[in-house]
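Engineer: A single structure is presented below for examination.
The values are calculated or read from the model by the stated rules, or taken from the named source; none is laboratory data. Quick caveat, the model's predicted, so the values are computed rather than measured. So basically every Cβ, Gly included, is an ideal-geometry build from the backbone, and we count neighbours across all protein chains shown. Accessible surface is based on the protein model in full, side chains and every heavy atom, while ligands, DNA and RNA are left aside. Shrake-Rupley method; radii C 1.70, N 1.55, O 1.52, S 1.80 Å.
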Amino acid sequence: MSPPEHDLVRSHRLPWRVEGVTVVRRRFVAGVLILAALAIGGAVTAARPDTDTRLASFYRHGRVNQTVAGRTFQVRALGVRGAAKIKADRADHDTSGVWVIVKFTVTARLEPASLKFAALVDGKGRSYRATGRFNQFIVEGGYDLQPGVPVTAEVAFEVPKAAANRLAMRLSDQFDRRLDAIVEIRLPVSAAQVERWAADPTVAQLSPTEVTA
Amino acid sequence: MSYGGRDVWPRRIGLKILDAPVRGVVVGVLILVLALSGLFGGLDRVTPDRGGLPVAQVGAAQAGAPWTVTVIRSAIFDDLPPLRLEHEGDLWLQVLATVEVTDDESRNDMREIFTLDIAGLLDAEPKYMYLGRDSTLVDYLHPGMPERIGYFWELSGSAPVPTELHILVNGKTERVDSLTGSLAWLDPGPRSELRVPVNDERGK
């Protein structure tokens, strides 16, 4: 077996022995390509949505007197009122802000469901949960809604007076609302209404939660 | 050393490094790392952290996150219906404070606000938290709506009755959780401290 011809072997190697200018140029090009790949990778990573964005909830928007469907239930807000004081659980409850009371009808769609989250959101994105100062089983996961059986309830929230005229109510059937539907209903409340509610000495009472005929 | 063509200087340096004894290379690398670290302040003298917390005053708001806290007073009681002591003869240690949620949403972790530096507590967390407004148990507090809260810890009857209480006011930091990638309130721990005289309300 004859030894391999030197020039043939050389042609398969990296061109260490070619002219210096070629080597420098190739290395420069390789360096640029590596940097470009890193930059593109970095840009892709930076442009990728963060975890909270990827797991964000899906909002179903609506207005009062409009039926809005969530994933497992549908809601129709019937109205909103307010007060400075509420009587519930055999006691009067005042607030440093104002009570906002929302009346709605909720119906499970295909299988039993229960509301586990209710909050009002103001214009700055601040979220106020339904009060826990007295029992509100309908939004605490304590009321099983049966499919096709509408239930009407009033739920109370306390919010700062300054935030009460730009509110939306959010309802969900999940404690963990990531990647799930949230019903959001805009509430028509004016600043003048809020002032009247806060000044009204009448103690409000929530209407009982009941199946709607 | 040549491979038949012109030597390229980075290759020459690389080959010299490869030819050098391992110990020399290691020592050289360490010296290089030290030098680079020194260039960026790694060798600067460090003032040790003495662990001191900002000292709060009774009645003064401690702005923090996710809450702002104002400690109003502390007292000790022997009987306080409808609160129920776990052991007869124990005492109630009360801290009265105003708490305002500075987060953007309602929170129900108010029981994590205080750590009491005192011996004889049955539990580090308060057994009861009552809203001053209507004496209901504290559930959620809402953003921008400060509330006066009475915190109650059960203190063993065999423990010395305190005349002064050392309170650590805890806080949290909102940051991306390195495990889940989600924004969360993490790193709970003391953010300030204060000493409050304890009023003796036993038998009153």
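Engineer: Which one of these is within 20 Å of B:Asp134 (Cα to Cα) and open to solvent by less than 10 Å² (accessible area, probe 1.4 Å): A:Val151, A:Val159?
Structural biologist: Being within 20 Å of B:Asp134 (Cα to Cα) and open to solvent by less than 10 Å² (accessible area, probe 1.4 Å) holds for just one of A:Val151, A:Val159, which is A:Val159.
Engineer: Would you mind telling me which numbered condition in (1) surrounded by fewer than 15 Cβ atoms within 10 Å (Cβ to Cβ); (2) touching a residue at least 12 places away in the same chain (Cβ under 8 Å); (3) of a type outside the set (S, T, N, Q) B:Pro81 fails?
Structural biologist: All conditions pass for B:Pro81, except number (2).
Engineer: A further question on this structure: Could you grab me the full set of residues in segment B:84-110 that are surrounded by fewer than 21 Cβ atoms within 10 Å (Cβ to Cβ) and away from every other protein chain (no Cβ under 14 Å)?
Structural biologist: Of everything in segment B:84-110, those that are surrounded by fewer than 21 Cβ atoms within 10 Å (Cβ to Cβ) and away from every other protein chain (no Cβ under 14 Å) turn out to be B:Arg84, B:Leu85, B:Glu86, B:His87, B:Glu88, B:Gly89, B:Asp90, B:Leu96.
Engineer: Since A:Gly132 meets every condition but one in (1) in contact (Cβ under 8 Å) with a residue 12 or more places away in the chain; (2) of a type outside the set (Lys, Arg); (3) in contact with a Phe, Trp or Tyr (Cβ under 6 Å, 6 or more places away or on another chain), which condition does it not meet?
Structural biologist: (1)
Engineer: Looking at B:Tyr128, B:Tyr151, B:Tyr140, which one is crowded, with 16+ Cβ neighbours inside 10 Å, hydroxyl-bearing (Ser, Thr, Tyr) and within 14 Å of chain A (Cβ to nearest Cβ)?
Structural biologist: Being crowded, with 16+ Cβ neighbours inside 10 Å, hydroxyl-bearing (Ser, Thr, Tyr) and within 14 Å of chain A (Cβ to nearest Cβ) holds for just one of B:Tyr128, B:Tyr151, B:Tyr140, which is B:Tyr140.
Engineer: Ok, one more. From the list B:Leu186, B:Leu168, which residue is open to solvent by less than 80 Å² (accessible area, probe 1.4 Å) and out of contact with any Pro (no Cβ under 6 Å at 6 or more places or on another chain)?
Structural biologist: The match here is B:Leu186.
Engineer: Is it the case that A:Arg196 is out of contact with any Cys (no Cβ under 6 Å at 6 or more places or on another chain) and within 14 Å of chain B (Cβ to nearest Cβ)?
Structural biologist: Considered against the rule, which asks whether it is out of contact with any Cys (no Cβ under 6 Å at 6 or more places or on another chain) and within 14 Å of chain B (Cβ to nearest Cβ), A:Arg196 comes out as no.
Engineer: Here are the criteria: (1) more than 14 Å from every other protein chain (Cβ to nearest Cβ); (2) within 19 Å of the chain's Cα centre (by Cα); (3) part of a strand (DSSP E or B). Tell me which single one A:Ala119 does not satisfy.
Structural biologist: (1)
Engineer: Of all residues in segment A:85-111, which are among the hydroxyl-bearing types (Ser, Thr, Tyr) and at the interface with chain B (Cβ under 8 Å from one of its Cβ atoms)?
Structural biologist: The answer is A:Thr95, A:Ser96.
Engineer: Name the one entry in A:Val121, A:Val102, A:Val98 that is within 25 Å of B:Tyr140 (Cα to Cα) and surrounded by fewer than 23 Cβ atoms within 10 Å (Cβ to Cβ).
Structural biologist: Testing whether each residue is within 25 Å of B:Tyr140 (Cα to Cα) and surrounded by fewer than 23 Cβ atoms within 10 Å (Cβ to Cβ) leaves just A:Val121.
Engineer: Still on this structure, I have one more. Among residues belonging to segment A:124-145 that are among the aromatic types (Phe, Trp, Tyr) and more than 8 Å from chain B (Cβ to nearest Cβ), point out the one that is least open to solvent (accessible area, probe 1.4 Å).
Structural biologist: A:Tyr143
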